[in-house]
């Protein structure tokens, strides 16, 4: 996710390559990121990067994040902004690990930030100013849509938009397979499937209408669409997607509780 966000921010020009320092765990990964984005990248240079940064974006795995915070806490300053992309670690843990009062944000973006069509939800701790909240909101709006939520809603965000692209990729994959089954070429099926999903999403955004209203505009009495919709309803498409979001949300909640319990046990 860190790499995807970096790519999106560089594409939009919100940041320039000379204003960025990236740190990763291995020299191999550092070489990959450096070649892809033409930015300075170090392996294991967390302290040095944090020391010279005004904004720190933490894009680490949940189980290693506390160790990273322990490593960098002495370089953290109250006038910096810390943005955590870590799904399971609550603000209160980040506050404790920072060991000082400083502005901290949690953000849950999704993979399409790399093509400037991401969906991000943001919350913040008590030490943020309005100008800092505006800056962080603008950062994520530069690569898509950003909304502010309460922290206890972030697990639902993870289940919906964080994991959501995977669900949509499966829908596109199924569209392509359906086209192939009915005799269309893979190239044509792919172009039609991706544009259909893109166009439908843009139609919802542009009109502001409920998707059910737009769906009904496609349906004609006795036509092909109502026959297909009947089959989708029979097979439970909506129920499956709702259940998928529910399960992903509950898993995020359970993972977060387990991680916090483990940290509290060790402390």
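Bear in mind that the values in this text are calculations on the coordinates, not laboratory data. This is a predicted model, so every value here is computed, not measured. Quick reminder, even Gly has a Cβ in these numbers, built from the backbone with ideal geometry, and neighbours come from all protein chains shown.
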The exposure ranking of 169, 37, fewest beta-carbon neighbours within 10 Å first, is 169, 37
Where does each of 172, 114 land when they are ranked from fewest to most other beta-carbon atoms within 10 angstrom? 172, 114
Please build a GNM for the chain, connecting alpha carbons under 10 Å apart, and tell me which residue among 20, 39, 204 fluctuates the most. 204
Quickly estimate the mean residue ellipticity at 222 nm for the chain, helices only: each DSSP H run with n ≥ 4 gives -39500 (n - 2.57), and the total goes over all residues, rounded to 500. -17500 deg cm²/dmol
Relative intensity, log₁₀ I(q)/I(0), of the stretch 74-139 from a Debye sum that treats every alpha carbon as a point, q = 0.13 Å⁻¹: -0.37
Mind listing the Cα extents of the stretch 7-52 along all three principal axes, in Å, largest one first? 27, 23, 13
Among 13, 256, 118, determine the one that fluctuates most according to a GNM of the chain built with springs between C-alpha atoms less than 10 Å apart. 13
To one decimal place, what Kirkwood hydrodynamic radius in Å is obtained for the stretch 145-218 from all pairs of distinct Cα atoms? 14.4 Å
In Å, the Kirkwood hydrodynamic radius of the stretch 166-261 over pairs of distinct alpha carbons? 15.9 Å
Computed over the chain: longest principal axis from alpha-carbon atoms vs helix 186-207 long axis, angle to nearest 10 degrees, is 70 degrees
Compute a Gaussian network model of the chain, connecting alpha carbons closer than 10 Å, and tell me which residue from 235, 85, 154 fluctuates the most. 235
With Cα atoms, 0 to 90° folded angle of helix 130-141 axis to the chain main axis: 40 degrees
Residue 166-residue 219 pseudo-label distance in nm [points 7 Å out on the Cα-to-Cβ vector]: 3.2 nm
Rank these for me by crowding, 245, 188, going from fewest to most other beta carbons within 10 Å. 188, 245
Scoring the chain by relative contact order with C-alpha pairs under 8 Å, at least six apart, yields a percentage of 16 percent
Given labels modelled 7 Å from the Cα in the Cβ direction, how far is it in nm from residue 237 to residue 75? 4.9 nm
Roughly how compact is the chain, stated as its Cα Rg over 2.2 N^0.38 Å to two decimals? 1.16
What is the stretch 2-152's relative contact order, in percent, from Cα pairs under 8 angstrom and six or more apart in sequence? 20 percent
Based on the alpha-carbon set only, what is the convex hull volume of the stretch 2-152 divided per residue, in Å³? 101 Å³
